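> Quick one: this structure, given as structure tokens, is what I'll be asking you about.
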Amino acid sequence: MKWTKIEVRTGSRTEFIDITNRISEELARAGVQNGICSVYMPHTTAGLTINENADPDVVRDILAGLARLVAAAGDFRHAEGNSDAHIKASLMGFSLTVPVIDGCLALGTWQSLYFCEFDGPRNRQVLVGISEQAG
Ligand code: ZN
């Protein structure tokens, strides 16, 4: 599998950025018709997830829900003071796998791939690997 790197510039401490079109561009460049698209992110205070793109209140509510789940401050020892970001990142996860069918990401109608920033703004990287199905 060949991996390519895309840059993501985040603009606030906490936000979701829809990267579906960026990943679709990499898929088009790879020219794969049927296979697997893997998305990986080499950071510890940001994550990746798939969720609804139709109503922006869904992303807003996920961020609000995560803020309720993980207090910004608390009984944390990590000297950087961003333990909440590390915890939220682990809750989202650091990689996604999406089937590629007929040259397209096999996402549901309302699904988008989101880069989840929890300690921005920063310059981030996402690795995209696309492989053709064997046989
Ligand atoms: Zn830290």
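> Can you pull the Kirkwood radius for the chain, inverse mean 1/r over Cα pairs, to one decimal in Å? Could you put the intermediate results ahead of the total?
Working: mean 1/r = 0.0641 Å⁻¹.
Computed over the chain, the radius equals 15.6 Å.
> Ranking F115, F94 by Cβ neighbours within 10 Å, fewest first, what do you get? Working shown, then result.
Details: F115 23, F94 15.
Ranked by crowding around the Cβ, least crowded first: F94, F115.
> Ignoring everything except DSSP H segments at least 4 long, calculate the 222 nm mean residue ellipticity for the chain; use -39,500 (n - 2.57) per segment, divide by total residues, nearest 500. Intermediate results must be reported in sequence, preceding the final value.
Details: 3 runs with 35 residues, N = 135.
The helix contribution divided over the chain gives -8000 deg cm²/dmol.
> If you don't mind, there's one more thing I want to ask. For a label point 7 Å from the Cα of D18 along Cα→C-beta, name the residues of region 48-71 whose backbone N is under 13 Å from it.
51-60
> First select every other residue whose beta carbon is under 13 angstrom from the beta carbon of N34; then total the charges, Lys and Arg +1, Asp and Glu -1. Could the numbers behind the result be given before it?
Working: positive: none; negative: D102, E132.
Local net charge: -2.
> Among I17, I6, which comes first, second and so on when ranked by fewest other beta-carbon atoms within 10 Å? If you can, show how the numbers build up before the last one.
Numbers: I17 20, I6 16.
Taking fewest neighbouring Cβ atoms as first place, the list is I6, I17.
> Let me ask something additional. Considering only I6, L66, F115, whose Cα is most displaced toward the positive end of the charge dipole of the chain, charges sitting on Cβ of Lys, Arg (+1) and Asp, Glu (-1)?
Towards the positive end, the residue furthest out is I6.
Read-outs: derived from the displayed coordinates by stated rules, not from any lab. The shown structure was predicted, so the numbers you read here are calculated from the model rather than taken from an experiment. Note that we place each Cβ from the backbone using ideal geometry, even for glycine, and neighbour counts take in every protein chain shown.
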